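Peer 1: Attaching a single structure in structure tokens format; questions to follow.
The values are calculated or read from the model by the stated rules, or taken from the named source; none is laboratory data. Since the structure is predicted, the reported quantities are computational estimates derived from the model, not experimental observations. Note: ideal-geometry Cβ built from the backbone for every residue, glycine included; neighbour counts use all protein chains shown.
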Amino acid sequence: MSLQRGRAFADDAETLIDRSIFSDPALHRQELARVFARSWLFLAHESQFTKPGDFFTTYMGADPVIVSRQRDGSHKAVLNSCRHRGMRVCRYDSGNAKAFTCPYHGWSYGTDGALLSVPEEEAAYGDGLDHSAWGLAVVPRVETYKGLVFGTWDTEIPPLAEYLGGFTYYLDVLVDLDDEGATAAAGVHKWRMRGNWKFGAEQFAGDMYHAYSTHLSSMIAEAPNSKGIRPPEEGFQVGLPGGHGLGGYPGYPYWHAQGFSAEVEDWIGSMLERAAERLGPARATGAVLIHGTAFPNLSLLWNRWTLRVWHPKGPDAMEVHSWAILPKSAPPAVRRALLLDYQRHFSASGTWEQDDAEQWNYSANGSDGFVTASLPLHYGMGTGREPNKNFPEFPGTVDAVYSEINQRHFYRRWSELMAVPHPAEEAASGASSSGSLTSGTFASETPASETPAPQTPVTESAKAVIA
Ligand code: FES
Ligand SMILES: [Fe+2]
């Protein structure tokens, strides 16, 4: 069984997944171009930047970037790679800077990427170095959704809110609960682990099925806090156009099952009541949203007040960046309780995080052998079912809580993008004469996709001017 036309699916019914998508180095190189350079990618939360010059370093796909606040209050992202020999011009996780000076030979760049100065410029280059052509590559589009800062290399995909589409209906339950909105707790947890990035993204998109197996020992340890409060039997998964997905349960008072003090429980309960007036009850109190993924690699846990990005590090490893996203209006005792609850369950120290990481580690290990690689994986849960009619206000296709509808949505979008070569691939291989990576441009024309048009179409070109 082998991949055809860049599809993730190994069958026409789209219920089997070819394992090579988790292990093949060539496919990994392709998805950096075809998926990551053509999607909106989460960069940071606005609350990480309070002053001009505040910066945060992260990745877009495998490309290191610096995100910073400019004097006009906007955010800019630039490639963290010197134009002279490629050295990282900034090796800090975050901070404040007026300029980034490359440690190798000392070229100095503004936070907007402009090349400001070059040591011994006259002796080294005479007047032969055009500063305007040798700045850091600037990410051409940066947009914000209610405090969440995203960037994309693709100049032609729809604006961010349109790209997120129906996912924003659910995202608001984390970032728009009241007038004050959300804030990121200081510090971003970062760690690396074995496993393809898609293991994390697809699980958070649609896999409630693993919870009682993978997390059983954590659940048993926490049982004394739960007071017998459990999720209802019948929950939901929601698959959205564009590959986004999420899942949860009908509303139940989950915050009484987490060992919080009465003060914290009261505040959460009343805050959700206020949110129901603001957002409508269907998504605020009528449902408890649990897990979700905005395609490709931003995932959330509403009930643990966190979001994270799965950065690819080769086909079989990822670097996770994880934030605690808390209601700004929460008093200090509530913030502390929510932060500790997040850290106990998720982040590098979380028991549930380690439960998941163990599965992805050995799933990676189970896909790189010769025989294992030839055996497709079963993604057929929930096919042929009638839609779940219990949540009529929800945007998207709603199914039962145990379903792989969201994983199938995710891999359909992945396949649509992977089916269309990125112009930079052709330029890099010499197949195109209209642009090249060395000229500082990704641009050229792309053949139309053979697949049906998704909500967010694969763009005709991804012009990312990097000078
Ligand atoms: S690599 Fe940056 S100045 Fe030489
Ligand atoms: Fe999990």
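Peer 1: Among (1) surrounded by 14 or more Cβ atoms within 10 Å (Cβ to Cβ); (2) over 18 Å from residue 296 (Cβ atoms); (3) away from ligand 1 (no atom under 16 Å from the Cβ), where does residue 29 come up short?
Peer 2: For residue 29, the failing item is (2).
Peer 1: So the check is Cβ under 7 Å with 6+ separation or different chains; which pairs have a first residue in region 250-264 that's aliphatic (A, V, I, L, M) and a second one that's buried (at least 16 other Cβ atoms within 10 Å of the Cβ)?
Peer 2: Hits for this filter: 264/334; 264/337.
Peer 1: What tally of residues in region 57-100 results from selecting those that are of a type in the set (A, V, I, L, M, F, W, C), away from ligand 1 (no atom under 16 Å from the Cβ) and more than 22 Å from the chain's Cα centre (by Cα)?
Peer 2: Result for region 57-100: 0.
Peer 1: Are there strands (runs of 3 or more DSSP E) fully within region 289-362 with at least 2 residues that are more than 15 Å from ligand 2 (Cβ to nearest atom)? List them.
Peer 2: Result: 306-312, 317-327.
Peer 1: While we're looking at this one, here's another question. Any residue at all in region 149-159 that is under 25 Å from residue 350 (Cα atoms) and either assigned to a loop (DSSP other than H, G, I, E, B) or within 16 Å of ligand 1 (Cβ to nearest atom) (or both)?
Peer 2: no
Peer 1: Now a separate question. Within region 25-63, work out how many residues are within 24 Å of residue 325 (Cβ to Cβ) and hydrophobic (A, V, I, L, M, F, W, C).
Peer 2: 10
Peer 1: In this structure, does residue 360 turn out to be closer than 24 Å to residue 150 by Cα, away from ligand 1 (no atom under 16 Å from the Cβ) and touching a strand residue (DSSP E or B) at 6+ places or on another chain (Cβ under 9 Å)?
Peer 2: no
Peer 1: Across region 377-388, what is the number of residues that are part of a loop (DSSP other than H, G, I, E, B), over 11 Å from residue 400 (Cβ atoms) and modelled with pLDDT of 95 or more?
Peer 2: The number of residues fulfilling the criteria is 3.
Peer 1: Being crowded, with 16+ Cβ neighbours inside 10 Å, free of Cβ contacts under 8 Å to residues at least 12 places away in the same chain and of a type in the set (Gly, Ala, Ser) is the requirement here; does residue 211 meet it?
Peer 2: Considered against the rule, which asks whether it is crowded, with 16+ Cβ neighbours inside 10 Å, free of Cβ contacts under 8 Å to residues at least 12 places away in the same chain and of a type in the set (Gly, Ala, Ser), residue 211 comes out as yes.
Peer 1: So residue 50 fits all but one of (1) assigned to a strand (DSSP E or B); (2) over 18 Å from residue 309 (Cβ atoms); (3) of a type in the set (Val, Ile, Thr); what number is the exception?
Peer 2: (1)
Peer 1: Suppose we filter 113, 151, 200 for residues that are touching a Gly at 6+ places or on another chain (Cβ under 6 Å), at pLDDT 95 or above and of a type outside the set (Asp, Glu); which single one remains?
Peer 2: Selected residue: 113, the only one of 113, 151, 200 that is touching a Gly at 6+ places or on another chain (Cβ under 6 Å), at pLDDT 95 or above and of a type outside the set (Asp, Glu).
Peer 1: Checking residue 139 against (1) surrounded by 20 or more Cβ atoms within 10 Å (Cβ to Cβ); (2) farther than 19 Å from residue 67 by Cα; (3) not basic (Lys, Arg), which single condition isn't satisfied?
Peer 2: Looking at each condition in turn, residue 139 falls short on (2).
Peer 1: Take the residues in region 85-109 that are over 19 Å from residue 58 (Cβ atoms) and either in a strand (DSSP E or B) or in contact (Cβ under 8 Å) with a residue 40 or more places away in the chain (or both), then tell me which one is farthest from ligand 2 (Cβ to nearest atom).
Peer 2: My answer is 108.
Peer 1: Counting just the residues of region 214-223 that are without any contact (Cβ under 8 Å) to a residue 24 or more places away in the chain and more than 12 Å from ligand 2 (Cβ to nearest atom), which one comes out surrounded by the most Cβ atoms within 10 Å (Cβ to Cβ)?
Peer 2: In this case the residue turns out to be 223.
Peer 1: Any idea how many residues of region 60-79 are of a type outside the set (D, E, K, R) and farther than 17 Å from residue 100 by Cα?
Peer 2: Total satisfying the criteria: 5.
Peer 1: Sticking with this one: Among the residues of region 123-134, what is the count of those that are surrounded by 10 or more Cβ atoms within 10 Å (Cβ to Cβ), away from ligand 1 (no atom under 15 Å from the Cβ) and free of Cβ contacts under 8 Å to residues at least 60 places away in the same chain?
Peer 2: 1
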